[in-house]
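Working notes for the structure below.
The values are calculated or read from the model by the stated rules, or taken from the named source; none is laboratory data. What you are looking at is a predicted structure, and each value in this text was computed from that prediction instead of being measured. No Cβ is skipped: glycine too gets one built from the backbone with ideal geometry, and neighbour counts run over all protein chains shown.
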């Protein structure tokens, strides 16, 4: 074909059909069978990963979670909260008398999220006079009533307490580990104050 010669529609069709077929990005050379997931992928996806850490915190307002149904799974401890870092630390029994006035009694309620993660929900317990604010009173009531059931935690600021929001659809009950003690131990790892030289206590004393 000489320069300046026009190409007819028929010739264009012929040129296209004779051009080697190449897919964008070389997709024609990809082995789809090698990329396909195995037939038992659904079963593989249900395998739970090992629990390596457990936070101590209140469940977020958008998190579906379930408190453990057995009250005996809870641990009542003396807690000092680092208000700057928002981290909770548990005081060893040998130091409770020395640190009286610094800690508050809390129940650590094991909870499981809909995604299968674990956390310990710290709920304040009544003081020596039996007094407890409405926020923590409602939190304890929710933990008791909704053990083994799914809910979201909602702050009712008008009335000053927590409300429980239940799902509109039926969600299968969570499966709990046989040894909940291991979950609690993971949560407390590195969070037990066993010495007066603990960094948090030094900070509270104003030591540099």
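Quick notes on this structure:
- Test: residue 116 is touching a helix residue (DSSP H, G or I) at 6+ places or on another chain (Cβ under 6 Å) and surrounded by fewer than 17 Cβ atoms within 10 Å (Cβ to Cβ): no
- Those residues of segment 86-107 which are out of contact with any strand residue (DSSP E or B) (no Cβ under 9 Å at 6 or more places or on another chain) and within 21 Å of residue 118 (Cα to Cα), in sequence order: 86
- Verdict on residue 159 being surrounded by 12 or more Cβ atoms within 10 Å (Cβ to Cβ) and either modelled with pLDDT of 95 or more or outside any loop (DSSP other than H, G, I, E, B) (or both): no
- Some residue of segment 130-146 being assigned to a loop (DSSP other than H, G, I, E, B) and closer than 25 Å to residue 178 by Cα: yes
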